[in-house]
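Single-structure report; data block below.
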Amino acid sequence: MPRVLIVDDSPTARDVLANILGADPDLEVVGFARNGLEAVAQVKKLNPDVVTMDLDMPVMDGFAATREIMIEHPTPIVIVSAASRAGEVETAMETLRLGAVNLLLKPVGPSSPEYEARAKEVVRAVKAMAGVFVIRRRRHLMSHQSDQVNAVSPPDCLSQPHQIRVIAIAASTGGPPALVKVLGALPTDIAVPILVVQHIAAGFMNGFASWLDEVIALKVKIATDNETLRAATVYFAPQDLHLGVTRTRIRLSDAPPIAGFRPAGTHLFETVADAFGGDAAGVILTGMGDDGVRGLKKVHEAGGVTIAQDEASCVVFGMPRAAVDAGAVDTVLPLDAIGPRLDQLVANRK
């Protein structure tokens with residue numbers, strides 16, 4: 001039974017989370033902390049399986065607490081944030097880079113019509129993250145410099161060069177920091193558009209895209225329907241809309257979710273395969289489940305290049321593993337090698 005530590009300075013927020021998590025027979029709330037300093041101490045004392053972490057707290061905030069926990073006593077941390085605060089969205093993204101494994105919108109009270117849906121999402125995420133393996137971070141590497149991309153020369157794994165004209169990427173749990181690595185390794189004048197589906201909690205998509213636009217050199221934006229595809233631009237699927245393409249334009253869709261997801265990686269990959277065929281590169285990154293697998297296989301069968309992130313560098317190897325098992329992947333690469341490999345492909349270099 002996963003044991004949960006709840007960290008929040010608000011008694012009301014602690015009570016709401018405790019009621020939600022405590023109502024599930026498969027979860028046990030083992031303690032509370034009112035600030036980050038208490039959280040660090042309680043993690044060491046209680047050894048929980050997962051921590052829900054508020055960000056804006058007195059004494060020590062959630063960012064600093066996550067940093068200390070990942071150094072002193074690595075534990076899966078789910079950030080529970082108020083997405084309406086612009087500064088908190090940026091802090092939440094940076095906290096994911098420190099090692100937190102997931103991000104959720106703060107649940108509402110029982111009187112809200114959204115309570116049941118939010119409560120189910122909290123329970124699902126906490127259960128899933130309780131089983132995630134996290135690594136210890138070294139204090140001297142937890143500086144801003146440690147977040148910079150370290151280019152790795154990937155092995156030559158393609159029998160012939162390709163002329164890539166579009167890159168499509170799907171990611172879920174652990175995706176934001178993984179995307180920083182991949183997209184940050186690409187040149188600012190890369191000659192193709194880059195399309196991304198990132199599963200993220202409702203309310204965070206716009207803030208995530210704005211944060212990423214500041215973190216990497218490429219232009220990052222939320223895609224709009226019928227806009228022209230432009231090189232050296234990263235297009236993210238909007239909240240609750242499928243992202244697709246023609247040869248020259250973005251196509252957004254409110255078609256039903258695919259396997260529970262909208263946006264879905266599968267929809268993106270399928271439209272890319274239809275529009276670009278063998279001129280496409282598809283990448284599947286860390287995440288739970290198997291979204292994107294069916295579409296990535298279509299890219300593979302059309303003659304495009306398909307890449308999966310390796311298990312060692314994934315927060316959750318679910319989506320990449322499913323793609324490998326389905327025979328949809330040409331090559332499996334460590335995270336640091338994916339960006340350099342995409343650069344090679346676009347430049348038509350073996």
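The values are calculated or read from the model by the stated rules, or taken from the named source; none is laboratory data. Given the structure is predicted, the values throughout are model-derived calculations rather than measurements. As a convention, Cβ positions derive from the backbone with ideal geometry for all residues, glycine included, and neighbour counts pool all protein chains shown. Accessible surface is based on the protein model in full, side chains and every heavy atom, while ligands, DNA and RNA are left aside. Shrake-Rupley method; radii C 1.70, N 1.55, O 1.52, S 1.80 Å.
Couplings 3J(HN,Hα) of region 284-298, computed from phi: 10, 10, 3, x, 7, x, 9, 4, x, 5, 4, x, 4, 5, 5 Hz, in residue order, whole Hz [Karplus 6.51 cos²θ - 1.76 cosθ + 1.60, θ = phi - 60°; x for Gly and Pro].
Amide H to amide H, with H built 1.01 Å from N, Leu195 comes under 5 Å of Ile167, Ala168, Ile169, Tyr235, counting only residues 5 or more places away or on other chains.
Among beta bridges from DSSP that stay inside the chain, the antiparallel ones total about 15%.
Rounded to the nearest 500 deg cm²/dmol, what is the calculated helix-only ellipticity per residue at 222 nm for the chain, with -39500 (n - 2.57) per DSSP H run of length n ≥ 4?
That calculation yields -11000 deg cm²/dmol at 222 nm.
Count charges around Val245 for me, please; just the other residues with Cβ under 15 Å from its Cβ, Lys/Arg as +1, Asp/Glu as -1. In short, +2. With the simple model of a label 7 Å out from the Cα in the direction of the Cβ, Glu28 to Thr248 spans 6.3 nm.
Within 12 Å, Cβ to Cβ, of Asp336, how many net charges do the neighbouring residues add up to if Lys/Arg are +1 and Asp/Glu are -1?
Details: positive: Lys181, Arg341; negative: Asp310.
Local net charge: +1.
Note on region 234-350: Kirkwood hydrodynamic radius from all Cα pairs is 14.3 Å, rounded to one decimal. For region 1-137, the convex hull spanned by the alpha carbon atoms encloses 89 Å³ per residue.
Within region 34-116, report the trypsin sites (Lys or Arg not before Pro) that DSSP leaves as loop and that have at most 16 other Cβ atoms within 10 Å. Write down the numbers at each step before the final one.
On the way: sites: Arg34, Lys44, Lys45, Arg67, Arg85, Arg97; in loops: Arg34, Arg85.
Loop-located and lightly packed - Arg85.
Students often check this: by mean Cβ neighbours within 10 Å, which of 169-180, 2-13 ranks highest, and how do the rest follow?
Values: 169-180: 25.8, 2-13: 19.9.
Result, highest mean first: 169-180, 2-13.
The GluC sites (Glu not before Pro) found in region 72-137 that occupy coil by DSSP, while having at most 13 further C-beta atoms within 10 Å, are Glu114.
If R0 is 30 Å, what FRET efficiency do you get for Arg124 and Glu227 from their C-beta distance, rounded to 0.05? Plugging the Cβ-Cβ distance into 1/(1 + (r/R0)^6) gives 0.35.
Which links in Lys221/Lys297; Lys221/Lys298; Lys127/Lys181; Lys44/Lys181; Lys44/Lys127; Lys120/Lys181 stretch past 29 Å when you go from one Cα to the other? Can you show the working numbers first?
Details: Lys221/Lys297 27 Å; Lys221/Lys298 26 Å; Lys127/Lys181 27 Å; Lys44/Lys181 31 Å; Lys44/Lys127 20 Å; Lys120/Lys181 31 Å.
From the list (Lys221/Lys297; Lys221/Lys298; Lys127/Lys181; Lys44/Lys181; Lys44/Lys127; Lys120/Lys181), the Cα-Cα distance tops 29 Å for Lys44/Lys181; Lys120/Lys181.
Each residue of region 171-185 was assigned a 3J(HN,Hα) from its phi angle through the Karplus expression (A = 6.51, B = -1.76, C = 1.60, θ = phi - 60°), giving 8, 9, 4, x, x, x, x, 5, 5, 4, 5, 5, 6, x, 8 Hz with x at Gly and Pro. Accessible surface for the chain, divided over its residues, is 41 Å² per residue with a 1.4 Å probe. With a Förster radius of 51 Å, plug the Cβ-Cβ distance of Ala41 and Ala255 into 1/(1 + (r/R0)^6) and report the FRET value to the nearest 0.05. Efficiency, from the Cβ-Cβ distance: 0.55.
Show me the ranking of peptides 288-297, 247-256 by mean Cβ neighbours inside 10 Å, starting with the highest. Kindly include the intermediate steps, with their values, before the conclusion.
Details: 288-297: 25.4, 247-256: 13.2.
With the highest mean Cβ count within 10 Å placed first, the list reads 288-297, 247-256.
Enclosing the Cα atoms of the chain in their convex hull gives a volume equal to 125 cubic angstrom per residue.
Derived scalar couplings between HN and Hα for region 314-324 equal 7, 6, 9, 8, x, 5, x, 4, 4, 5, 5 Hz in order, rounded to whole Hz, by the Karplus curve 6.51 cos²θ - 1.76 cosθ + 1.60 (θ = phi - 60°), x for Gly and Pro. Distances between placed amide hydrogens fall under 5 Å for Val29 paired with Val4, all partners being 5 or more residues away or on another chain.
Using the Cβ-Cβ distance between Glu114 and Asp213 with R0 = 30 Å, the FRET efficiency computed as 1/(1 + (r/R0)^6) comes to roughly 0.55. Under 5 Å between amide H atoms, partner at least 5 residues away or on a different chain: which partners does Arg249 have, H built in plane at 1.01 Å? Those qualifying (amide H under 5 Å, at least 5 residues apart or on another chain) are Leu229. Name the GluC sites (Glu not before Pro) in region 248-350 that are in a loop by DSSP and that have at most 10 other C-beta atoms within 10 Å, would you? Here no loop site has a sparse enough neighbourhood. All C-alpha to C-alpha distances of region 248-297, sorted into 5 Å bins beginning at zero, yield P(r) values of 5, 20, 31, 23, 16, 4, 0 percent in whole numbers.
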